[in-house]
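Trainee: Sending over a structure as structure tokens; questions will come in a sec.
The values are calculated or read from the model by the stated rules, or taken from the named source; none is laboratory data. Just so we're clear, the structure is a prediction, and the values are computed from it rather than from any experiment. Cβ sites come from the backbone with ideal geometry, for glycine too, and all protein chains shown count toward neighbours. These accessible areas exclude ligands, DNA and RNA; they are computed on the full protein's heavy atoms, side chains included. Shrake-Rupley method; radii C 1.70, N 1.55, O 1.52, S 1.80 Å.
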Amino acid sequence: MNRFVQRLLFTSICQLLVLILVLILVIGGTARAANTKLQVVTDIAPVHSLVSMVVAGGAETTLLIQPAQSPHAFSLKPSQRRAMNQAQLIVLMSEAFTPSLHRYLETAKRDNAVLILSEHNGPHSHTPHENNPESDHDATPVLDQSSSSTHSAVLNENEQYDLENDLHAWLNPENAIDWLDKIATAMARIDPPNANLYKNNAAMAIQQLAALHIELQESLKPVRSREYIVYHDAYQHFAKSYALRPPIAIALSDARSPGAAKLRAIRAQAMKVSCAFSEVLHDDAIVDMITQQLPIKRGILDPIGTNQSTGESLYPNLMRTLAQQFVDCLSD
Ligand SMILES: [Zn+2]
């Protein structure tokens, strides 16, 4: 009798413990599911902005390279590696733009998806064009907008836009518009229940950027014929997009300093320019040197959104501010 009661008690306690354990697991699981939004990691602020437009309401975004940091001198911290490992999707500008990110992605064993935007340009990217007949080799993204442009700059014989060597492809809104679509498609694949949300977000953002593009075309029209100097070779896509003169760049596209011969050549070209731009992340000294004693207006450019707050509005704000800088500096 006594043994029977003991056994009964023991069984009840075991059942109770199992019940408590199950409850803990269920409650814990639910809490975890509520906290685990999809994670999307992006490299630079303009890409983060475009991704934020598409995933709003469906996923969380992380920005790896803060706007005040130059992407050209960037190396990964352990926390950034962790963010990449935990993300369901990583969206990057291009392989050449942030080599340290790509080296990590190649060596790390991850099962998340990677979307490299400059490898994904719209159908208009693949039309033959007059300026860069050799631009079709594999390692370099082809970023030609000729067939979609309703206008073009009047280029001299030896002039062309060097799109291949300029990594700052987001400064052409037509590229950004293509990428919004690609981001929505990638998200729909990863998160099918929210596919419509991503597609609708992208459609709205595309409309917004298309209107912005027309607005900027209008405001830049009066300054198309003006010559100008820029700090680094980051504005080929912008110039072609708005039919401006091809930029005369002091530093290379990865912001490496020029040699003495290049500096002399730029100083000679400076005679014909009406404006010279420095940049928010770089020292003015080299621009000062090139423009000294010449009647050249000065402006300052912010190609990556250093002075903008991050998020959905960064990209349009960045483009509008950039265009206004060109209008101000190139006008009389
Ligand atoms: Zn740059």
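Trainee: For a protection proxy built on the mean count of beta-carbon atoms within 10 angstrom, sort 285-296, 210-221 highest first, please.
Mentor: 210-221, 285-296
Trainee: Hey, how many Å between the Cα centroid of the stretch 294-308 and the Cα centroid of the stretch 245-282?
Mentor: 13 Å
Trainee: Also, quick follow-up: Where a Cα-Cα gap under 27 Å defines reach, which lysines qualify for K182, not counting those fewer than 8 residues away within the same chain?
Mentor: Partners found: K37, K109, K199, K240.
Trainee: Under a 1.4 angstrom probe, counting protein chains only, how are E119, E312, E164 ranked by accessible area, largest first?
Mentor: On the way: E119 115, E312 95, E164 45 Å².
Solvent-accessible surface, decreasing: E119, E312, E164.
Trainee: May I pose another question? Rounded, prolate or oblate: which one fits the stretch 207-332, using the alpha carbon gyration tensor with axes a ≥ b ≥ c (rounded when a/c is under 1.5, else prolate when a/b beats b/c, else oblate)? Mind dumping the intermediate values first?
Mentor: Details: a/c = 2.09, a/b = 1.51, b/c = 1.38.
Prolate, since a/c reaches 1.5 and a/b exceeds b/c.
Trainee: Working with all protein chains in place, sort V55, V280, V5 by solvent-accessible area computed with a 1.4 Å probe, largest first. Write down the numbers at each step before the final one.
Mentor: Values: V55 0, V280 50, V5 70 Å².
The ordering from most to least exposed comes out as V5, V280, V55.
Trainee: Shifting gears a bit: On the protein heavy atoms, probe 1.4 angstrom, tell me the percent of accessible surface of the stretch 71-121 carried by carbon and sulfur. Working shown, then result.
Mentor: On the way: 1220 of 2590 Å².
Whole-percent figure for carbon plus sulfur exposure: 47.
Trainee: Tell me the label-point distance for the pair S100, N158, using the 7 Å Cα-to-Cβ offset, in nm and rounded to one decimal.
Mentor: Result for the modelled spin labels: 3.8 nm.
Trainee: Could you put F277, F74 in order of accessible surface area, largest first, with the 1.4 Å probe and the full protein assembly present?
Mentor: F74, F277
Trainee: Could you look at the stretch 173-332 and say what percent of its accessible area is carbon and sulfur, using a 1.4 Å probe and all protein chains? Before the final figure, lay out the partial values.
Mentor: Values: 3520 of 6860 Å².
The nonpolar share, carbon plus sulfur, comes to 51 percent.
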